[in-house]
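Below is one structure, written out as structure tokens; comments come after it.
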Amino acid sequence: GNAPKLFCQHCQKFVRKGSKHCWDCGKCTEKFDHHCPWLNTCIGGRNYRLFFVATASLLSMILFTISVAALLLAGVLADRIIDGPLRVALIIAIVWNAPLLVLNSSLFGFHSFLCITGTTTLEYIKRRRARRQAKQERLQEAKLAREKAREEEKAREEKAREEAPETSLATQCKSEPE
């Protein structure tokens, strides 16, 4: 199209404005969100919807697996109580899928938040780093201000100590009878 193009020094190609070079893939991605190590590809403008749907689908699958296993163990879906190797397999299915449920729920929740706020993962990370950096700078400035105040207080105390003996000698001389 007629979209403005930029030259990527790393890819040695012209890319659309707003693209970012991914060091993991070695290519530029339009509307870059993040590099997904699980899919071994960059997530961006062209495939973000598919990534989001895949995350939602995986979450649904995990929820379904845990729910069916729990219902079978509780005897809701079977006429008899399940015991023996099948019971062990159902317990293992729940135990193995529970951490995946937590992780995928977090991933799905985070990307839902990003979709609602219209933010990419990269933008979120950059803003978070900037806020953290600003906080560190404020803390450093406050620390330096406290140190300066302590030094000034110390200097005032030192000056007061230097002036104090002269004052006390003068007072003693005036108070003694002649």
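The values are calculated or read from the model by the stated rules, or taken from the named source; none is laboratory data. What you see is a predicted model; the values in this text were computed from it and never measured. No Cβ is skipped: glycine too gets one built from the backbone with ideal geometry, and neighbour counts run over all protein chains shown. Remember, those area values only see protein heavy atoms, side chains included, never the ligands or the DNA or RNA. Shrake-Rupley method; radii C 1.70, N 1.55, O 1.52, S 1.80 Å.
What the table below lists for this structure:
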read-out	value
Hits in the range 65-77 (condition: farther than 30 Å from His35 by Cβ and in a helix (DSSP H, G or I))	Ser67, Val68, Ala69, Ala70, Leu71, Leu72, Leu73, Ala74
Residue that is nearest to Ile91 (Cα to Cα), among those in the range 26-59 that are outside any helix (DSSP H, G or I) and hydroxyl-bearing (Ser, Thr, Tyr)	Thr41
Test for Ser60: is it polar (S, T, N, Q) and over 22 Å from Ile125 (Cβ atoms)	yes
Matching residues in the range 107-141 - criterion: being touching a residue at least 12 places away in the same chain (Cβ under 8 Å) and more than 20 Å from Thr29 (Cβ to Cβ)	Phe108
Residue that is most open to solvent (accessible area, probe 1.4 Å), among those in the range 78-127 that are over 26 Å from Ser67 (Cβ atoms) and not in a helix (DSSP H, G or I)	Gly118
Residue list for the range 21-50, filter: in contact (Cβ under 8 Å) with a residue 40 or more places away in the chain and surrounded by fewer than 19 Cβ atoms within 10 Å (Cβ to Cβ)	Lys31
Residue in the range 145-165 that is part of a helix (DSSP H, G or I) and either under 24 Å from Cys22 (Cβ atoms) or among the aromatic types (Phe, Trp, Tyr) (or both) present	no
So Ile62, is it touching a residue at least 40 places away in the same chain (Cβ under 8 Å), part of a helix (DSSP H, G or I), open to solvent by less than 40 Å² (accessible area, probe 1.4 Å) and under 30 Å from Val95 (Cα atoms)	yes
Near pairs, Cβ below 9 angstrom, 6+ apart or cross-chain, from the range 74-96 (charged (D, E, K, R)) to any residue that is surrounded by 12 or more Cβ atoms within 10 Å (Cβ to Cβ)	Arg87/Leu72; Arg87/Leu73
Some residue of the range 44-59 being at pLDDT 90 or above, out of contact with any His (no Cβ under 7 Å at 6 or more places or on another chain) and among the basic types (Lys, Arg)	yes
